[in-house]
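> Here it is: the structure, laid out below.
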Amino acid sequence: MVKILITNKNILTSVFQAPGRINIIGEHTDYNEGLVLPTNLDLYTKVTANARDDDIIQVTSSNFGQTESFSINQIAPNNPPTWINYIQGVVAELRENNIPITGADLVVSSDIPIGAGLSSSASLELAIAHALLGIGKNKVAAQKLAQICQNAETKYAGVNCGIMDQHSVACGRKGQAMLLDCRTMESKYVEIPANLSLIVIDSGVTHNLPDGEYNSRTDECRAAVKLLQATYPAIQALRDAPIKLIDQEKDQLGIILYSRARHVVTEIERTVAAFNALIKKDIRLLGSLISASHASLRDDFDVSCPEIDQLVQIADSCSGVYGTRMIGAGFGGCALSIAEASVTKKIVDQIRENYSKVLESEPWIHVLKPATPAMEVRHL
Ligand code: ADP
Ligand code: MG
């Protein structure tokens, strides 16, 4: 979080920001109490904040060109939810945790592509939370704040999200990836090697949460656990089921739940292997794990789409790319390529040229640089 103080005629304006995040590997594992490997993105949601002396919070989203306002004493989930519910959720959950919140005028602007799997939502929540804490001169530990923001999204925006996005944005470290155990919340950090380039490419196809398929996949995972529990009561989440057991119970699960469970369990194994590959700075091995992750998401979890599959093929055909996969909930959004840093420019040009033919316009491509963590405060 960066805080800039601008004083104008006794009005104190503060600016806060929180980064986006990209999950290197460990897709659809967080709500199965598994492991994930995110790193923060050097793209940010900025919130300009002025305190008010009433109980009204007025928010302008520059991205949407819309202004909404509400009383902090009258917050209830909407059906269907809209962007303001993410903010109302953060306010309600901060208050639920006995953090005093006063009225404020907030202006939000984000350079993270929205709805593309780069967690503009968690970034928004954390930036808003820091703004409200900052103008009220309150503090909450980063891990706790992540939980507050996850509750905000689950309860008020109707998205059954796991803890990864908020935890990564709140607790990520500059230039490092975080192996996060979503059950124990234990995290280990590893440097991103200098010869590794992380290239994010937007497929130009957008998913639509929460009405999309994300919640149905969480339901399927829950259904698989329930079936397994009937014979193995110790299984509390798919994380507890070894792949041998999933294979053994294939008939009982049926082909759909079997495939979903197989993705989750093998993806957790790949995530740990990817963390170890980063420790060894073995980017070829990391790339092969990323490719295996994409195949599993496409074939077993069934959350890819033709444009993403084409994009993955295009990226993987570039010399110096070791693996590419879809990222995010699925059905569009972005892909991530693991590449040799020295040839990044050539790769980006080649992907841009070849995917432009599929998209019929230039794709948005971003090469990651180390991101400023959400908890870092700088006065300018
Ligand atoms: P992702 O987190 O992958 O970008 P989500 O569907 O989880 O996608 O979250 C996107 C939603 O978050 C948007 O539809 C909107 O409701 C909210 N959001 C994110 N950034 C902004 C913003 N700058 N202004 C207003 N709402 C935003
Ligand atoms: Mg999100």
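> Need a quick list: strands (runs of 3 or more DSSP E) entirely within the range 131-228 having at least 2 residues that are of a type in the set (Ser, Thr, Tyr).
187-191
> Within the range 306-319, can you find the residues that are open to solvent by less than 20 Å² (accessible area, probe 1.4 Å) and in contact with a Lys or Arg (Cβ under 9 Å, 6 or more places away or on another chain)?
Correct list: Ile308, Val312, Cys318.
> Quick one: is Arg239 open to solvent by 60 Å² or more (accessible area, probe 1.4 Å), in a helix (DSSP H, G or I), over 19 Å from Trp364 (Cβ atoms) and in contact (Cβ under 8 Å) with a residue 40 or more places away in the chain?
yes
> Would you check if Ile290 is within 24 Å of Thr218 (Cα to Cα), open to solvent by 20 Å² or more (accessible area, probe 1.4 Å) and aliphatic (A, V, I, L, M)?
Criteria not met by Ile290.
> Could you say whether any residue in the range 159-174 is open to solvent by less than 20 Å² (accessible area, probe 1.4 Å) and under 24 Å from Ile56 (Cα atoms)?
No, there is no match, as no residue in the range 159-174 is open to solvent by less than 20 Å² (accessible area, probe 1.4 Å) and under 24 Å from Ile56 (Cα atoms).
> Name the one entry in Val312, Val265 that is among the β-branched types (Val, Ile, Thr), in a helix (DSSP H, G or I), touching a Pro at 6+ places or on another chain (Cβ under 9 Å) and modelled with pLDDT of 95 or more.
Val265
> Based on what the data block shows, is Gly172 within 16 Å of ligand 1 (Cβ to nearest atom) and touching a strand residue (DSSP E or B) at 6+ places or on another chain (Cβ under 9 Å)?
yes
> I'm checking my understanding of the structure. Among residues of the range 1-43 that are in a strand (DSSP E or B) and small (Gly, Ala, Ser), which one is modelled with the lowest pLDDT?
Ser14
> Mind checking which residues of the range 39-55 are hydrophobic (A, V, I, L, M, F, W, C) and either buried (at least 19 other Cβ atoms within 10 Å of the Cβ) or under 27 Å from Val200 (Cα atoms) (or both)?
The answer is Leu41, Leu43, Val47, Ala49.
> Another question, then. Is it the case that some residue within the range 113-135 is β-branched (Val, Ile, Thr), within 16 Å of ligand 2 (Cβ to nearest atom) and out of contact with any strand residue (DSSP E or B) (no Cβ under 9 Å at 6 or more places or on another chain)?
yes
> Hey, another quick one. Any idea which of (1) touching a strand residue (DSSP E or B) at 6+ places or on another chain (Cβ under 7 Å); (2) open to solvent by less than 20 Å² (accessible area, probe 1.4 Å) is the one Val264 doesn't satisfy?
(1)
The values are calculated or read from the model by the stated rules, or taken from the named source; none is laboratory data. None of the values given here were measured: they were computed from a predicted structure. Cβ sites come from the backbone with ideal geometry, for glycine too, and all protein chains shown count toward neighbours. Ligands, DNA and RNA are excluded from the accessible area calculation, which covers all protein heavy atoms including side chains. Shrake-Rupley method; radii C 1.70, N 1.55, O 1.52, S 1.80 Å.
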